[in-house]
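A.B. asks: First the structure, which I've put down as structure tokens, then a few questions once you've had a look.
The values are calculated or read from the model by the stated rules, or taken from the named source; none is laboratory data. Treat the numbers as computed from the prediction; the structure is a model and nothing was measured. As a convention, Cβ positions derive from the backbone with ideal geometry for all residues, glycine included, and neighbour counts pool all protein chains shown. Accessible surface areas use protein heavy atoms only, side chains included; no ligands, DNA or RNA. Shrake-Rupley method; radii C 1.70, N 1.55, O 1.52, S 1.80 Å.
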Amino acid sequence: MPKDCDWARLYDAARFHSLEGMIWPTVQAAVTDHVPALAAVWQRRTDQLLLQTLTQWEALQTLTQQLGQAGIPLVQLKGLVLRDLYPQPTMRQLSDLDLLIHPEQAQAAAAFLAEQGYRLEEDAEQTPYHRGYVRPPYLQVELHTDLLDPQAAYYPAVCDPWGHLAPSGDRLDALYTYLYCVIHAAKHYYYKGTGIRTVLDLYLLRRHCPPEEAPVQAALRAIHLEAFHRDLSTLGECWFGDRQPLPAELESMARVVWAAGTHGSPYAHAAGAVAPQRGTVSFVLHRAFPDFATMQATYPVLSRYPVLLPWFWGHRLVRRLVGNPRVVAKELGVHAKMKR
């Protein structure tokens, strides 16, 4: 670490990207020497994360055992699987427990959660294929009856999860695990951005559990995510692998990732659109007329009818200017601030 490191800023950035528990063992001695008060705060936070992780593990064991005995199998998704790629599973923080169940068993599973003290999460987005439940202070469970909305542009690539289980039966096979990771990253990236941890997850997945390349590329090509996957993979290699200089064409993506944090920010893409050589007019054009992949994430029909792209550009522009003028003003403010 550099001798003049701003430890407080490092802590804030780590928390913003849910990496504080991961990097604490590496910086503990230095932070303790230079900023003892911050070290105490960081240690308490790490202890809290460990307690959360242990609580989640205990809850997962209970759900798996008791629902299994009731004939309701659970398939672990997202962070529950990705944490095994890290040197220690506790290094990968989990916001919630993502579990796939058969649609016809959703009601029985929800009833069991209610008996265990969980309640439907009121502030979360609830869909026919996804329900969130909470049991404070640490437990959040998301029950999925499908990996994506069947109407989503990316759905054809992961439309058969039950036909793509690993031999253990409690997780997806290598192909679907990888595709779901890439698609989940794309969903967040094109909506509000996605953070450093997502890039690290994909890097570790490619390094430790790489699926066969041909079916991955074929599936991603069919849903127009081949370029996104290539760019995010390259970003991971530059940051965590051979540490080659970041290609200039990926600087915008890197800014989006940095500005998004763990859960994304509505202004992450405004930050990503700010390049040293880009003036205000160029910035406005970039935000008013996003590329095809960005538009497809918002308007899935473009997968079937790409010729409609100009029409949806107009629709998006009118919707932004009329429905969200404050967001437009905020993005211009982000642009001005970052240019300074």
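A.B. asks: Based solely on its DSSP helices, what 222 nm [θ] is calculated for the chain when runs of n ≥ 4 H residues each add -39,500 (n - 2.57) and the sum is averaged over all residues, nearest 500 deg cm²/dmol?
C.D. replies: Working: 15 runs with 190 residues, N = 340.
Theoretical 222 nm ellipticity from helices: -17500 deg cm²/dmol.
A.B. asks: Just to confirm, what accessible area per residue do you get for the chain at 1.4 Å probe, in whole Å²? Please report the intermediate quantities before stating the final value.
C.D. replies: Values: 17600 Å² over 340 residues.
Here the residues of the chain average 52 Å² of exposed surface.
A.B. asks: Tell me, what % of the accessible area of the chain is carbon and sulfur with a 1.4 angstrom probe?
C.D. replies: Values: 9900 of 17600 Å².
Exposed carbon and sulfur together represent 56 percent of the surface.
A.B. asks: I need the GluC sites (Glu not before Pro) found in segment 113-197, filtered to DSSP loop residues with at most 14 other beta carbons within 10 Å of theirs. If you can, show how the numbers build up before the last one.
C.D. replies: Working: sites: E115, E121, E122, E125, E142; in loops: E121, E122, E125.
Passing sites in segment 113-197 are E122, E125.
A.B. asks: A further question on this structure: Determine the sum of side-chain charges near G21: Lys and Arg each +1, Asp and Glu each -1, restricted to other residues whose C-beta is under 12 angstrom from that of G21.
C.D. replies: Details: positive: R15, R44, R45, R83, R92, R197; negative: E20, D47.
With Lys, Arg at +1 and Asp, Glu at -1, the net is +4.
A.B. asks: Do you know the Lys pair count in the chain for C-alpha distances under 23 Å, with sequence separation 8 or more or different chains?
C.D. replies: On the way: K78/K187; K78/K192; K187/K330; K192/K330; K192/K337; K192/K339; K330/K339.
So the count works out to 7.
A.B. asks: What percent antiparallel are the DSSP beta bridges of the chain, to the nearest 5? Before the final figure, lay out the partial values.
C.D. replies: Numbers: 12 of 17 bridges.
Around 70 percent of the beta bridges assigned by DSSP in the chain are antiparallel ones.
A.B. asks: Hey, what do the phi angles of segment 236-252 turn into as Karplus ³J(HN,Hα) couplings, whole Hz, using 6.51/-1.76/1.60 and θ = phi - 60°, x for Gly and Pro?
C.D. replies: x, 5, 5, 7, 10, x, 6, 6, 5, x, 5, x, 4, 5, 9, 5, 5
A.B. asks: Rounding to the nearest 20 debye, state how big the charge dipole of segment 18-154 is about its Cα centre with +1 on each Lys and Arg Cβ and -1 on each Asp and Glu Cβ.
C.D. replies: On the way: 8 positive and 16 negative charges, 73 e Å.
So the dipole magnitude of segment 18-154 works out to roughly 340 debye.
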